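To start, the structure itself, in structure tokens.
The values are calculated or read from the model by the stated rules, or taken from the named source; none is laboratory data. Keep in mind it's a predicted model, so treat the numbers as computed, not measured. Quick reminder, even Gly has a Cβ in these numbers, built from the backbone with ideal geometry, and neighbours come from all protein chains shown. Surface areas here come from the heavy atoms of the whole protein model, side chains and all, with no ligands, DNA or RNA. Shrake-Rupley method; radii C 1.70, N 1.55, O 1.52, S 1.80 Å.
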Amino acid sequence: MQQFETGITARGLFESEGIFVSGSARHAVSNARSLHDVIPTVPFCAIMTDDPETILNYAAERFEKDGKSALVTLVDIRGGSARPLGAQMAVGVDGGYCGYVSGGCTEAAVAAEAVDAMKRGADRFLLLGEGSTFFDIQLPCGGGITLAIHVLKDVGPLRRVLDSLRSRKVGALCYDAVKQTVTDIEDAENGASYIRRYRPRPRLVICGRGIELDCATRVACHTGFETFAFDGQSEPRFDEALVDADTAVALLFHDLAQELPFLNVALQRNSFYIGALGSKRTHEKRREALREHGYSDHDMDRIKAPIGLFGPARDGNSLALSILADVAAARSTMKFNGNV
């Protein structure tokens, strides 16, 4: 198997004998002209989201309510793709689905295929785009994708992963295509067909005063980041336990003495992004103050100053957009440290 930076391990598993592959010439349905000739179900989007935690929770809730649900995972890309390896959908037996494995052009057809898999009680792989026999499902990027459709038999692994994420810990699901089972990583066997890993939801801690703090907080609340704002004076008081490896810290003070307690926490707790307001000249003064507190050049090089993706931003809204874009860019390049 090949390791992918996106957190999924998979390759060539859909070529295994005994595994049903929908949309391949090897398992083509006689006289079928389109996917809808084979799968007549009319699905619907239940929740418009691509948040992994929401998708897993939807799959678990539908299983607990109806006794059936399916988890769809993007496991192979041929050419281009709108989504990365490991992208997922959750599908209920009624055709309701959430999540994305493409740009939105195939999700309804994928959900219908998942419903058929649930009715038959067996997993399958689905080929779409390049290399597929379904002529009516074309990907705008011109490539092809392979999806693993797993009919859930046990919701326990999903619930344990969700518990890990809510405890701010990494979680993972391990799929065995031969046994058609999913386990959480602690129970995984070496023969797993693929491993899908999950990080806790990204968190943004914003510390500062005035319009910069207000604008950045308002924008951040609409980005999917779990957001906390502190001014160092009023309630709620800053809790350093909020800062972990999946947290970004934005410091928006105009006074180095006021930011220093928050900066100390960000440096010591390994946050994935640290940004601070101020000019290059201000940052040199910041570095001098940090040296006096025993920090090395390596420590100080972690600080993005002036903060933001673009600049100078001299109004609150532009600064907020610059900060959030920079944090999102840093998050998108994060990698898992070794195997989970």
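Work from the charge dipole of the stretch 170-278 (Cβ charges, +1 for Lys and Arg, -1 for Asp and Glu, about the Cα centre) and give the residue of ILE206, ALA177, ILE274 farthest towards its positive end. Projecting each Cα onto the dipole axis, the largest value belongs to ALA177. Net charge dipole, the stretch 211-283: roughly 320 debye, given to the nearest 20, about the Cα centre with Cβ charges of +1 for Lys and Arg and -1 for Asp and Glu. Averaging the Cα positions of each part gives two centres, and for the stretch 85-120 and the stretch 156-185 these lie 19 Å apart.
For the peptides 156-162, 268-274, 200-206, 288-294, the ranking by mean Cβ contacts within 10 Å, running from highest to lowest, is 200-206, 156-162, 268-274, 288-294.
When you count the other C-beta atoms within 10 angstrom of each residue and take the mean per peptide, 326-332, 231-237, 261-267 line up highest first as 261-267, 326-332, 231-237. Within the same chain, lysines fewer than 8 places from LYS68 are excluded, and of the rest, those with a Cα less than 29 Å from its Cα are LYS119, LYS153, LYS169, LYS179. Overall shape: rounded for the stretch 219-340, with the ratio a/c of the largest to smallest alpha carbon gyration tensor axis below 1.5. Ordered by solvent-accessible area of protein heavy atoms (1.4 Å probe), largest first, the residues LYS304, LYS169 come out as LYS169, LYS304. Surface listing: CYS221, CYS98 arranged by accessible area from highest to lowest gives CYS221, CYS98, probe 1.4 Å.
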